[in-house]
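Every number here is computed from the coordinates shown, using simple stated rules; none is lab data. These numbers come from a predicted model, not from an experiment. Note that each Cβ is placed from the backbone with ideal geometry, even for glycine, and that neighbours are counted across all protein chains shown.
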Amino acid sequence: MTIVVLGGGIARDGNLPKHVKKRIERAWQIFKKKKGAPILVCGRYSFLYPKNQLPKKTESRAMRDYLISLGVPKKDIYLENESKDTIGNAYYAKKLYFIPRKEKKATIITSEFHLERVKFIFQKIFGKNYQLKFISLSSSLGSKEKTKVMERQKKLLEKTKAILAEMKSGDHSFLKDKLYKIKYYKEPRPDWVIKFVAAGK
């Protein structure tokens, strides 16, 4: 079994938001109970980042550094350092880690506002041959901000379902020439969304 921690933003100075640190801390707790299960941290940085304003480090490297500070040995941490959104998290995790290592079980950690979309994406991209367990954590968002984020996630879930509608379950190769190239990735986003996912707060 591999513990998978999904990224959720990073500030330009390389600092992680509280809800991402919370995910990492849960991974550390599971790691101690599971006697050294490997941890895969996922994420480069959001595709919403302007090319001339990229963060000092990637999300996965920042998450690795935080895990090490908690006491997780570097040898037990693996980086998925290519993805720029949740669809990419699943695609690259499967392609670069799970398939090469013939790993079939994962515990995937995210936040409550992200859970439904994560479940749909990972189950669709990984398919029925994988045993996926999902853990969602409460966030420190205020009630108004949380409502806004949840509503945004519902809209994104519908768009995600449309993007993956023609993909057969488990056929991740469907995304090979589409990821970060289709119209969805060029659509304008509200300023608060850009701040939330690209600035890490």
Inset, instruction - Can you tell me which residue among Lys104, Lys146, Lys159 is closer than 18 Å to Lys18 by Cα, in contact with a Phe, Trp or Tyr (Cβ under 8 Å, 6 or more places away or on another chain), of a type in the set (D, E, K, R) and without any contact (Cβ under 8 Å) to a residue 40 or more places away in the chain? - result: Lys146
Legend entry - Residue within the stretch 151-158 that is closer than 23 Å to Ala27 by Cβ, within 15 Å of the chain's Cα centre (by Cα) and part of a helix (DSSP H, G or I) present: yes
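Within the stretch 119-143, which residues are within 23 Å of His172 (Cα to Cα) and touching an Asp or Glu at 6+ places or on another chain (Cβ under 8 Å)?
Keep residues of the stretch 119-143 that are within 23 Å of His172 (Cα to Cα), which gives 119-135.
Of everything in the stretch 119-143, just one residue is within 23 Å of His172 (Cα to Cα) and touching an Asp or Glu at 6+ places or on another chain (Cβ under 8 Å), namely Gly127.
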Inset, instruction - Please enumerate the residues belonging to the stretch 27-47 that are surrounded by fewer than 18 Cβ atoms within 10 Å (Cβ to Cβ) and either on the phi > 0 side of the Ramachandran plot or under 15 Å from the mean Cα position of the chain (by Cα) (or both). - result: Lys35, Gly36, Phe47
Legend entry - strands (runs of 3 or more DSSP E) wholly inside the stretch 70-141 containing at least 3 residues that are closer than 15 Å to Met1 by Cα: 105-111, 131-137
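Any idea how many residues of the stretch 65-82 are surrounded by 14 or more Cβ atoms within 10 Å (Cβ to Cβ) and not polar (S, T, N, Q)? Lay out the reasoning, then the answer.
Of the residues in the stretch 65-82, the ones surrounded by 14 or more Cβ atoms within 10 Å (Cβ to Cβ) are 65-67, 70, 72, 76-82.
Retained after the next criterion (residues that are not polar (S, T, N, Q)): 65-67, 70, 72, 76-80, 82.
Number satisfying all stated conditions: 11.
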Inset, instruction - Look through the stretch 141-174, keep the residues that are hydroxyl-bearing (Ser, Thr, Tyr) and surrounded by fewer than 12 Cβ atoms within 10 Å (Cβ to Cβ), and return whichever of them is nearest to Val193 (Cα to Cα). - result: Ser143
